[in-house]
Every structure is written in C-alpha cells, then in structure tokens.
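Here the structure is laid out as structure tokens; the discussion comes afterwards.
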Amino acid sequence: MYIVELTYLQPTSAIDTQLEAHRQFLATQYERGLFVASGPKQPRNGGVIIVSGKVSRGELDAILAQDPFHIHALADYRIVSFDPVKSHPQITGLL
C-alpha cells in the first residue's frame, strides 16, 4: 500500500481551477479499485491519497503523472510505501 502526500506549490486559487479535473482523476482511480481514501490536509496546503497494494510503485508513478495537479505543476508528491500487517476487517479486501 501507499500513502501519497500532496503539497501544493501554488496558491489555492490556482488549485481551485483544476479541482474538478483532479476529482475526476480520483473518481477514475476509485472505479479501478486502486484508491482507498483521499482528501485535503488541514490546513488546506495539500492532500492525502491512500492507495491499495494492487499497483506497483512504477504503476503508481504513471497514474499520478495523469493527475491534473501534476500536469499543471500545482503539487509535489511524496510517496510512502508500507505493508499493512493489521487492518479493520471491513477494508481487508481493499488492501
């Protein structure tokens, strides 16, 4: 699994211009069963995406390259890989 931390590189006004496209990007990844959860950080200076272990790091990098926030150089991405050894039974299938 992966935790992807986005840090905005531009003011939120610039982020907001691509927000709907970013949300469509996220929706596509949820439909594919790859993303588990996502949302803005507080304070709103970036966001977090939790990614299932169904993709390799190379595949994840290729997927994130399609994010409008990446395409328009609006965010920096920090990716943390981890192996979940314990989880709530309701999400075990997503891991």
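The values are calculated or read from the model by the stated rules, or taken from the named source; none is laboratory data. The structure presented is a predicted model; accordingly, all values stated were derived computationally and were not measured. As a convention, Cβ positions derive from the backbone with ideal geometry for all residues, glycine included, and neighbour counts pool all protein chains shown. When the accessible area is computed, the model is the full protein with side chains, heavy atoms only, and any ligands, DNA or RNA have been set aside. Shrake-Rupley method; radii C 1.70, N 1.55, O 1.52, S 1.80 Å.
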Residue by residue through segment 15-20, what is 3J(HN,Hα) from phi via Karplus (6.51 cos²θ - 1.76 cosθ + 1.60, θ = phi - 60°)? Round to whole Hz and write x for glycine and proline. 4, 4, 5, 10, 4, 5
Of Val51, Val36, Val80, which is the most mobile in a GNM of the chain whose springs link Cα atoms less than 10 angstrom apart? Val80
For Ala75, the residues 5 or more places away or on another chain with a placed amide H closer than 5 Å to its own amide H are Leu9
Report, in debye and to the nearest 20, how large the dipole of the chain comes out about its Cα centre when Lys and Arg carry +1 and Asp and Glu carry -1 on their Cβ. 240 debye
How big is Rg to Rh over the chain, alpha-carbon atoms, Rh as the Kirkwood inverse-mean-distance radius? 0.97
Accessible area of segment 2-94 divided out per residue, in Å², using a probe of 1.4 angstrom: 60 Å²
Once neighbouring chains are kept in place and the probe is 1.4 Å, which whole percent of the accessible area of segment 2-94 is contributed by carbon and sulfur? 54 percent
